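Step one of this worksheet: look at the structure below.
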Amino acid sequence: MKKFNIQPLDRSIESEIVNKIDNLTKPKGALGRLEDLALQISLIQHTLSPALHNPHNVLFAADHGILDEGVSVSPKEVTWQQLSHFSKGGAGINFLCEQHGFKLVLVDAGVDYDIPSGHGIIDMKIRKATRNFLYRPAMTADELDLCIDRGAKIVRRIHAEGCNVISFGEMGSGNTSPSAVWMHLFTGIDLKKCIGAGAGLDNEGIRHKYEVLYKAVANYQGDDTPESKIAWFGGYEMAMALGGMLQAAELGMIIIVDGFIMTSVILAASQLYPDVLQYAVFGHQGDESGHKLMLEAMGTKPILHLSLRLGEGSGAVCAYPILESAVRMINRMDSFQSVNVTKYF
């Protein structure tokens, strides 16, 4: 597996950053989460004057073998149909990226369809869908390595274009199932609490989904390493995003984490490199059952809670203006020392 050099944040200037924030013309702490975000972003960039440049949202798409077990109401063909839709500019993530100045990057990680060339979709397909993890590993160790390497390659290319803030999205019918299993395995939370409706299952559908995933976990024959669990239950789009997140952290980029699926991905990434979480800002808490519990287990809280359950990176992109406000706060507000205002706290 590709190795990453992810350093813990250098906190040698933390007191200077805090002092600058505390002496802006406001009561101490009056700008709440903006102050926390300004501190984190300044630490990531190791500066008292942080900046956000050329934001990108990378959307990986792939299909899942576990879909054969009826764990989702979305048919498999929706994956390639939506990926094509993204490329034409009319989907949810398109208007959000346009609104907030993100470049959208589309990657075929393992879609069960021959995507025609010439539509701006990057072909990094591993194979047409993972295997059914109810019976066997979803992917081989070599395929996991390839996913991580290809996800990292995409991020290096984007970073070279001047991007220092990145979000990740996904498209893959049934991918709440591997996300729920990763959540269960890496937090110890009861599997039943990790499983939700996904794209719209009713109560009977959720019960069936639980039974399938419970059997799949019971059938697990890998070892106790994170790599084995990630490969056995993961999706190609999830593993590529994992590699992308690790590469982004190595490069000192800000990672905006989207909803349930991408939270499970950075949770899995943190099993390999715990310091990746220091570079992560959690953009949105979705309504998928278990997401709130997973965020709490990771000791973090999201910026937004808009009841989104779209995926695609939508919650992360929606949260970006809050990061911009935090950066503008620390860079644009006057200090008590620079203007004739009595410090009033």
Relative contact order %, the chain, counting alpha carbon pairs below 8 Å whose residues are six or more apart:
25 percent
Say the dipole of region 66-171 comes from +1 at the beta carbon of Lys and Arg and -1 at that of Asp and Glu; which of Val73, Asn164, Gly110 then lies farthest toward its positive end?
Asn164
For the chain, longest principal axis from Cα atoms; helix 176-187 axis from its Cα atoms; angle between them, nearest 10 degrees, is 60 degrees
Return the single residue from Ile230, Ile158, Ile13 with maximal mean-square fluctuation; model: Gaussian network over the chain, springs between Cα atoms under 10 Å.
Ile13
Set the Förster radius R0 to 56 Å, insert the Cβ-Cβ distance between Lys343 and Ala199 as r into 1/(1 + (r/R0)^6), and round the FRET efficiency to 0.05.
0.60
Gain on full stretching of the segment that runs from Ala160 to Ser117 - 0.36 nm per residue minus C-alpha separation
13.1 nm
Sort the following peptides by mean Cβ neighbour count (other Cβ atoms within 10 Å, averaged over residues), highest first: 42-48, 102-108.
102-108, 42-48
Matching label, P(r) over Cα pairs in 20 Å bins from 0, in percent computed from the structure shown, candidates [x] 32, 55, 12, 1; [y] 28, 49, 20, 3, 0; [z] 27, 58, 14, 0
[x]
So what's the gap between the Cα centers of region 17-36 and region 223-279, to the nearest angstrom?
31 Å
Have a look at Tyr220, Tyr320, Tyr236 and tell me which one the Gaussian network model of the chain (Cα, springs below 10 Å) gives the largest fluctuation.
Tyr220
For region 74-195, just list the percent of Cα-Cα distances falling in each 10 Å bin from zero outward, please.
11, 35, 38, 16, 1
Asserting the computed 222 nm helical MRE of the chain (DSSP H runs at least 4 long, -39500 (n - 2.57) per run, divided by residue count, to nearest 500) equals -14500 deg cm²/dmol
Using the structure shown, list the pairs from Lys2/Lys215; Lys3/Lys103; Lys209/Lys229; Lys229/Lys301; Lys125/Lys153; Lys3/Lys292 with a Cα-Cα distance above 21 Å, or answer none.
Lys2/Lys215; Lys3/Lys103; Lys229/Lys301; Lys3/Lys292
Between Ala141, Ala61, Ala180, which gets the highest mean-square fluctuation from a Gaussian network model of the chain, Cα cutoff 10 Å?
Ala141
At 7 Å along Cα-to-Cβ for each site, give me the label-to-label distance between His100 and Asp22 in nm.
3.1 nm
Between Asp10 and Asp149, 0.36 nm times their residue separation minus their Cα-Cα distance comes to what?
47.4 nm
Whole-number D in µm² s⁻¹ for region 180-327, Kirkwood Cα-pair radius fed into Stokes-Einstein, 37 °C, 0.692 mPa s:
208 µm²/s
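Values in this text are rule-based calculations from the coordinates and carry no lab data. In this text the structure is predicted, and so the values were computed from the model without any measurement. FYI the Cβ positions are ideal-geometry reconstructions off the backbone, even for glycines, and counts take in every protein chain you see.
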